[in-house]
Amino acid sequence: MQPTYEIAEKQKALFIRSGGDREQDMEEEATETAVPNIMEMAFHLEQAGVGLGSEESFRIYLALKHLVEQQPVHTCRFWGKILGLHRSYLVAEVEFREGEEEGEEDDAEDLLEGAEGLEPPSIEEEGEEDEEKVADVVPKPQWKPPPVVPKEESRTGANKYLYFVCAEPGRQWTRLPHVTPAQIVCARRIRKFFTGHLDAPVVSYPPFPGNEANYLRAQIARISAATHVSPLGFYQFGEEEGDEEDEGGAGRDSFEENPDFEGIPVLELVDSLANWVHHTQHILPQGRCTWVNPLQKTEEEEELGEEEEKGDEGPEEVEQEVGPPLLTPLSEDAEIMNMSPWTTRLSCSLSQQYSVAVVRSNLWPGAYAFASGKKFENLYVGWGHKYSPDNFNPALPAAIQQEYASGPEITEMSDPTVEEEQALRAAQEQALAAAEDEEEDEEEEEDEDLDD
């Protein structure tokens, strides 16, 4: 009973109004607010047979309301629920107001970078004293690590939105860090269940660069890029972005709502996947939504590395990665072993005029979307794993390196015998005696020259 009582005490605060006039609070709620209408979404999803139930949905609504009051939120959306072994994660997708700096994460990254650059001075002092004692110079390895792909800036690409998570409505919301390309690339190669603890390590091969919070953020980015869909025509590209498609092949990265959208009949949404489009950018194999050349250096790096690169060969060219553009229809998605990646259906086939269209992802089980008239919404409730037609096999360790080729320059010499040592010693003594005799003869010749 103790855990249940603890949760009840924490959720009790959700139902208590903050101090103020009740009429004033009602007027504020009547105006535009960043808190989404969770109950309306839950009603439509309940008709489709998915969702979290009306009771939990209302508690999530109150929890999101507290999040909006605590943070400078411009837009807020309930992203979904990712299940865990010990606890689950309720995920909120948030966009801050313009001008609000995200200083918490930047300060943490600066601290980490500063800590990595610190070196103990005692080691350097000892190294200076022992320089004279060291006879052999340790060779430097010629191998260079591959260049690090920079992460996308805030409000762009995979980091377009911020994500807050909590285990239960009423608990503290925790902000997830921005995702890096290395984390997305590694998350594609591993398969781990979430524990419900953000600071838990992710034990895997290949090693994941981060803890469970980073792995959770990477999976959210992958699920969002693959499953966030909307009816055709709901979004449109702005007029100012007409020529952006030719700039570096990146394509358009933003859109706006179409004020002239009148909705698509439910039967047409169910009959054809071409009436649904992706409205989230595709993540390239590089781990970014917009491709960058990892071998291209900045001006500062070029100035610092001019001397080192004089003797090196030029870097090989990297082929540019291109993905599907925004608002691509679902009908163009790749099949999964002769199976469609999406399944559409009506919420009720007996009363089609009052039904909603539901589309379910077969690639990411647990991802759903519904549409009815001018309204649509996306929701994910699952374990955060991608469907695989084959059994998951962890990546094998790298092949063992071969032994160094043996040759006379590295072959160990055999120890000499006693007879060989005696002969060498006698030869050395004979050579020393001959050298002494030559020195005596030279001294005698010099003395005779002086007497003359």
Virtual spin-label span in nm between T343 and A274, 7 Å along Cα→Cβ: 2.5 nm
message: Per residue of the stretch 144-156, what does 6.51 cos²θ - 1.76 cosθ + 1.60 with θ = phi - 60° give for ³J(HN,Hα)? Whole Hz please, x for Gly and Pro, Karplus curve as stated.
response: 10, x, x, x, 7, 7, x, 7, 6, 5, 4, 6, 9
message: Can you give me the distance in nm between label points at V322 and L14, each placed 7 Å from the Cα along the Cα-to-Cβ direction?
response: 4.8 nm
J(HN,Hα) series, the stretch 81-94, from Karplus relation 6.51 cos²θ - 1.76 cosθ + 1.60, nearest Hz, glycine and proline x: 9, 9, 7, x, 6, 9, 9, 9, 10, 8, 10, 10, 9, 10
query: With each label point set 7 Å from Cα along the Cα-Cβ vector, what nm distance links D437 and N391?
result: 8.6 nm
message: Per 0.36 nm of contour for each residue apart, how much would the distance between E335 and Q422 grow if the chain were fully extended, relative to their Cα-Cα spacing?
response: 23.1 nm
- prompt: How do the peptides 252-263, 403-414, 73-84, 221-232 rank, highest first, by the average count of neighbouring beta carbon atoms within 10 Å per residue?
  reply: 221-232, 73-84, 252-263, 403-414
- prompt: Tell me which lysines have Cα within less than 16 Å of K160's Cα, excluding those fewer than 8 residues away on the same chain?
  reply: K151
Ranked packing of 364-376, 384-396, most packed first, by mean Cβ within 10 Å: 364-376, 384-396
- line: Over the stretch 384-446, with neighbouring protein chains present, the accessible area per residue in Å² at probe 1.4 Å is 98 Å²
statement: With R₀ set to 25 angstrom, the calculated FRET efficiency between the beta-carbons of T33 and E100, to the nearest 0.05, is 0.90
field: Ordering of 337-347, 204-214, 162-172 by packing [mean C-beta count within 10 Å, highest first]
entry: 162-172, 204-214, 337-347
query: What is the calculated FRET efficiency for Q172 to V138, with r their C-beta to C-beta distance and R₀ = 45 Å, to the nearest 0.05?
result: 0.35
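The values are calculated or read from the model by the stated rules, or taken from the named source; none is laboratory data. Values in this document were obtained by computation on a predicted structure and should not be read as measured data. A quick note on method: Cβ atoms are made from the backbone with ideal geometry, for glycine too, and the neighbour counts reach across all protein chains shown. The area values use the complete protein model at the heavy-atom level, side chains included, leaving out ligands, DNA and RNA. Shrake-Rupley method; radii C 1.70, N 1.55, O 1.52, S 1.80 Å.
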